1. Taking a cut-off of 18 Å between Cα atoms, list the aspartates and glutamates near Lys22, but don't count ones fewer than 8 places away on the same chain.
2. Pick from Leu294, Leu26, Leu55 the residue whose mean-square fluctuation is largest in a GNM of the chain, springs joining Cα atoms under 10 Å.
3. Straight-line reach from Lys316: which lysines have a Cα under 20 Å away, not including same-chain ones fewer than 8 places off?
4. Could you tell me the relative contact order of the stretch 1-125? Use alpha-carbon pairs under 8 Å, at least six residues apart, and round to a whole percent.
5. List every residue whose amide H lies under 5 Å from the amide H of Gly114, counting only residues 5 or more places away in sequence or on a different chain, with H placed 1.01 Å from N in the peptide plane.
6. Between the alpha-carbon centers of the stretch 146-215 and the stretch 277-354, tell me the distance in whole angstrom.
7. Please give the charge dipole size of the chain, origin at the Cα centre, charges +1 on K and R Cβ atoms and -1 on D and E Cβ atoms. Round to the nearest 20 debye.
8. Using a cut-off of 20 Å between alpha-carbon atoms, which aspartates and glutamates can reach Lys347, once sequence neighbours fewer than 8 places away in the same chain are excluded?
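What follows draws every value from the coordinates through simple rules; no lab data is involved. All values reported here derive from a predicted model rather than from experimental measurement. Methodologically, a virtual Cβ is constructed for each residue, glycine included, from the backbone with ideal geometry; neighbour enumeration extends over all protein chains shown.
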Amino acid sequence: MKSASLGQLILTGVPGPELDSKTAALFRRVQPGGFIIFARNIQSAVQLRKLIDDLRDVSEIEPIITIDQEGGRVSRLRLIGHEPPNAQQLRDKGDESLVRQHGDVTGRLLRLFGFNLDLCPVLDISFNDDADNSLRGRCYGKSVEQVVRLAGAFNDALRAQGIKSCGKHFPGYSAATIDAHHDLPVIKRTRAELDAQELAVFHQFIERVDSMMVCHGWYPHLEVEKTPASLSRRVITDLLREDFGFHGLIMTDDLDMGAILNEYGLEETIDLAIGAGNDLAMICHRVPAIDEALGYLQKLPVQEVDRALANVTRFKKKLAEPNDFSKSTFRDINDEIWNLRVAVLGKEMAAERSPEDGKRSPVEMY
C-alpha cells in the first residue's frame, strides 16, 4: 500500500493564510484526506479562495475542505463578513423558516469559497445554556424534539446546497462540566439517560447527516476503561456503526485538544483512533506532526486501514465542485446574512458588537 494513500485518513489544519513552500511540500508528500480552515487562515475573501484552490492543487485526490461555520462565535467566516445568528438565538426566535434560511445561505457561502463539508449541525441538547463546556450558544434545543426539528431544518437546507454535513458531538456532550479543549470530561450519564435524550437525537440523524464527529468525553456507562469516546471501539464501532447502523464518515474531534494531549502520545492516539473505528484522525494545530502520524498509520493492521480508506473513498465520491467565485456574489450573500441577523436579533441588537468580542474561547481561538 502506498504511504500517500494512508494520508487520506488524516484531516489536517493549515498553518497560515498562505500555503508556503515547506507546507506545500509536506502536503504533497503526506496527501491528507482533508483540510480544516481556522481563523488563522482567513484574511480576505479573495485570499481564502486562493488558499483553498492551492490546497486542491497539491492534492492528488479531491480533498475534503471543511470549516466550523455554525453561527455566532463559532463562525470562522465572520472575520471577513457578517456574523450569522447562533443556534440558541435562532431557537429563541422560534421561527423554523429562519433556521432554514441560515442553512441555505451557509451552504451557498461555503460553496463560493470551495468548501464541501461543514462541521455542523451541533446535535447536543442544552441542559444548561450557561454551562462552561464550550457549547454556549451552540445548541438548537432543550429537548429531543426541538433539536431534531431545528437542527434538522438547518441540516437539510445546508445539504440542499451541495455541502455535506456533520453531526456532533456524538454520543452527546451536553452533560460535560468541563471543556475538552483543556482536559478530559467525565460524563456520568447512565445508558438509560443517554438513550432517552442525547442518543435519541443522534439516532434520528443516522440517515440525515453525511458524517459524525465523536467527542473527547469519557462515558463510564458506555466504556468502563478511562477512554474518551473518540478513541473507544465500544462507542464508535459497537454503538454508532453496529447498533445504530451509521454508514457515513466518522471522524474524531481535534486530537490536539487537552483531553487527548494530556493522556496520550501521538502514536497511541493514532492507533486507538483508527482501531476504534474512526475514518479520519483530525490534527488541527500540530500540522508538521502529520508526517509522523503517517508513519504510525503504516504500522496499523491492514484490515483497519482498508476499512477506513474505503469509507473515505465512498464519502468523496459525491463531493460538490466549488462554485465560481466573485466578489459581488460574496457581497450579496453577506447582505443576506446581515438581513437574517436583523430578522433574528432586531436591527439595534444586530448592529451591536457581541459581548463576547475580545473574549475568544478555545473553541474559536485558532
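1. Leaving aside aspartates and glutamates fewer than 8 places away in the same chain, those within reach of Lys22 are Asp53, Asp54, Asp57, Glu60, Asp291, Glu292.
2. In the Gaussian network model the winner is Leu26.
3. Lys2, Lys164, Lys168
4. 24 percent
5. Distant-sequence amide H within range of Gly114: Asn323.
6. 17 Å
7. Working: 45 positive and 55 negative charges, 134 e Å.
That gives a dipole near 640 debye.
8. Glu83, Asp92, Asp95, Glu96, Asp332, Asp335, Glu336, Glu356, Asp357
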